[in-house]
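> Can you keep this structure in mind? I'll have questions shortly.
The values are calculated or read from the model by the stated rules, or taken from the named source; none is laboratory data. Values in this document were obtained by computation on a predicted structure and should not be read as measured data. Cβ: placed from backbone, ideal geometry, glycine included. Neighbour counts: every protein chain shown. Heavy atoms of the whole protein, side chains included, go into the accessibility calculation; ligands, DNA and RNA do not. Shrake-Rupley method; radii C 1.70, N 1.55, O 1.52, S 1.80 Å.
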Amino acid sequence: HFAEAAHDEPACGPWGGFFADVEFLYLKPYRRASDFGIVSPNTNGDPEGSIQSDPWHSRSAFRVGAGYRLPEDGWEVGFFYTYLHDNETGFLTRPANGLLFATQTHPGTVEFVNSAAADATLSYNVYDVEVGRSMEVSQRFAVRPFGGLRFAQIDQNFNVLYDGGDANRDFVGSRVTFNGGGLRAGGQADWKVLDHVSVYGRGAGSLMVGDFGVTQTEFNNNGTTPLTNVHESFRKITPVLEMGVGVAYHTEHFRVSLGYEVTNWFNLIDTPSFVNDVHQGKYQRNISDLGVDGLAVKAEVTY
């Protein structure tokens, strides 16, 4: 969340006042480590052609918030909740006169398949407790530094069903859960271009200490033959960076804005990947970011 800078005149008067806002978000997630096949145009056994991943698409999401603005001095405290859920599927088949490589299976087990069906799910819950103060630098320029606490619950699931060739309904599953909290700080600048119209830019950063839970599984023969079944729990620090720009229309008690925002969670995907068919327990880390970006339409009321 990015709280908006103050209106031209405090709507709360000398006794303070409450504010509430709601945002419609249209966000697209980004992550790596979601490949599930290589479509090869030949049958010589060499991996050639395109690496296919289960793609994310833009989805509707929302953010709601409420708080209290202190009288006279511009300080305000608020609570904000952001929610995004996405579920995407992908499907591949072995091309005629070609091969379909399975990229998520344990080495030395399932290599060539006739079909691959992938399913990727993201559940994104972010909670912000924020304290900020709006300050007018001039009649047309205002800044609002803010800081506070951030908490997050983010679950990611990636599952693939391989069938045909070396696979007999081979199920591969990967799950990453993150539960953490930390400190967040940032600022926003508003420049008034007309009496009731302004443009804004904002940025924030967080350091989150979180608990990760990782599960990697693979079962062949319709789930009866285990090939991989490992899990891991660990704690680490995850940085988060946010940026946004937009335009707003505001009156004394009401403000509506349209903007673009981008958020990146560094190293939020951290999973083992088995890489050796001789040493079956040899693995390396797959580490990548989770990002979201898109449009934000916000309405805020102060009373």
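> Which one is farthest from Pro55 (Cα to Cα), of the residues in the range 270-300 that are in contact with an Asp or Glu (Cβ under 7 Å, 6 or more places away or on another chain) and either open to solvent by 50 Å² or more (accessible area, probe 1.4 Å) or of a type in the set (A, V, I, L, M) (or both)?
Ala299
> Oh, and also: For the range 85-99, name all the residues that are hydrophobic (A, V, I, L, M, F, W, C), surrounded by fewer than 18 Cβ atoms within 10 Å (Cβ to Cβ) and touching a strand residue (DSSP E or B) at 6+ places or on another chain (Cβ under 9 Å).
Restricting attention to the range 85-99, the residues satisfying the condition of being hydrophobic (A, V, I, L, M, F, W, C) are 91-92, 96, 99.
This time we only want the ones that are surrounded by fewer than 18 Cβ atoms within 10 Å (Cβ to Cβ), so: 91, 96.
The one that is hydrophobic (A, V, I, L, M, F, W, C), surrounded by fewer than 18 Cβ atoms within 10 Å (Cβ to Cβ) and touching a strand residue (DSSP E or B) at 6+ places or on another chain (Cβ under 9 Å): Phe91.
> Contact list please: Cβ distance under 6 Å, first residue in the range 254-268 and free of Cβ contacts under 8 Å to residues at least 24 places away in the same chain, second residue among the β-branched types (Val, Ile, Thr) and crowded, with 16+ Cβ neighbours inside 10 Å, pairs at least six apart or on different chains.
Every condition considered, no pair remains.
> Looking at this structure, is Thr82 open to solvent by 50 Å² or more (accessible area, probe 1.4 Å) and in a strand (DSSP E or B)?
Working: open to solvent by 50 Å² or more (accessible area, probe 1.4 Å): no; in a strand (DSSP E or B): yes.
It is false that Thr82 is open to solvent by 50 Å² or more (accessible area, probe 1.4 Å) and in a strand (DSSP E or B).
> Within the range 24-57, which residues are under 17 Å from the mean Cα position of the chain (by Cα) and open to solvent by less than 40 Å² (accessible area, probe 1.4 Å)?
Scanning the range 24-57 gives Leu25, Leu27, Pro29, Arg31, Ala33, Ser34, Asp54, Trp56.
> Can I ask one more? How about the range 238-249: which of its residues are open to solvent by 50 Å² or more (accessible area, probe 1.4 Å) and in contact (Cβ under 8 Å) with a residue 40 or more places away in the chain?
Of everything in the range 238-249, those that are open to solvent by 50 Å² or more (accessible area, probe 1.4 Å) and in contact (Cβ under 8 Å) with a residue 40 or more places away in the chain turn out to be Met243, Val245, Val247, Tyr249.
> The conditions are (1) surrounded by fewer than 15 Cβ atoms within 10 Å (Cβ to Cβ); (2) farther than 22 Å from Asp293 by Cβ; (3) not aromatic (Phe, Trp, Tyr), and Val129 fails exactly one of them. Which is it?
Single failed check for Val129: (1).
> Okay, next question. Out of all the residues in the range 107-127, which are at pLDDT below 95 and hydrophobic (A, V, I, L, M, F, W, C)?
The answer is Val110, and nothing else.
> Considering only residues that are hydroxyl-bearing (Ser, Thr, Tyr) and surrounded by 13 or more Cβ atoms within 10 Å (Cβ to Cβ), which ones fall in the range 207-227?
Initial filter on the range 207-227 (hydroxyl-bearing (Ser, Thr, Tyr)): 215, 217, 224-225.
Correct list: Thr215, Thr217.
> Within the range 90-110, can you find the residues that are closer than 15 Å to Ser40 by Cβ and not in a loop (DSSP other than H, G, I, E, B)?
Restricting attention to the range 90-110, the residues satisfying the condition of being closer than 15 Å to Ser40 by Cβ are 92-103.
Across the range 90-110, the qualifying residues are Leu92, Thr93, Leu99, Leu100, Phe101.
> Which of the residues spanning the range 5-23 are buried (at least 20 other Cβ atoms within 10 Å of the Cβ) and modelled with pLDDT of 90 or more?
Passing the criteria: Phe19, Asp21, Glu23.
> Still on this model: State which residue pairs qualify: first residue free of Cβ contacts under 8 Å to residues at least 60 places away in the same chain and inside the range 280-293, second residue crowded, with 16+ Cβ neighbours inside 10 Å and among the aliphatic types (A, V, I, L, M) in any location, beta carbons under 8 Å apart, and separation of 6 or more residues or different chains.
Ile287/Ile269
> Follow-up. For Gly294, which of the numbered conditions (1) closer than 20 Å to Gly65 by Cα; (2) over 15 Å from the mean Cα position of the chain (by Cα); (3) not acidic (Asp, Glu) fails to hold?
Going through (1) closer than 20 Å to Gly65 by Cα; (2) over 15 Å from the mean Cα position of the chain (by Cα); (3) not acidic (Asp, Glu) one by one, Gly294 breaks only (2).
> While we're looking at this one, here's another question. Evaluate the following for Ala152: is it open to solvent by 10 Å² or more (accessible area, probe 1.4 Å), closer than 27 Å to Tyr26 by Cβ and out of contact with any Lys or Arg (no Cβ under 6 Å at 6 or more places or on another chain)? Full working, then the answer.
Values: open to solvent by 10 Å² or more (accessible area, probe 1.4 Å): no; closer than 27 Å to Tyr26 by Cβ: yes; out of contact with any Lys or Arg (no Cβ under 6 Å at 6 or more places or on another chain): yes.
When the stated conditions are applied, Ala152 does not pass them.
> Identify, please: which residue in the range 260-298 is in a strand (DSSP E or B) and among the basic types (Lys, Arg) and is, among those, nearest to His57 (Cα to Cα)? Write out each step before concluding.
So the first thing to find is which residues in the range 260-298 are in a strand (DSSP E or B), and the list is 260-274, 283-298.
Narrowing further to those that are among the basic types (Lys, Arg): 285, 298.
Working: Arg285: 26, Lys298: 22 Å.
Taking the candidates together, the pick is Lys298.
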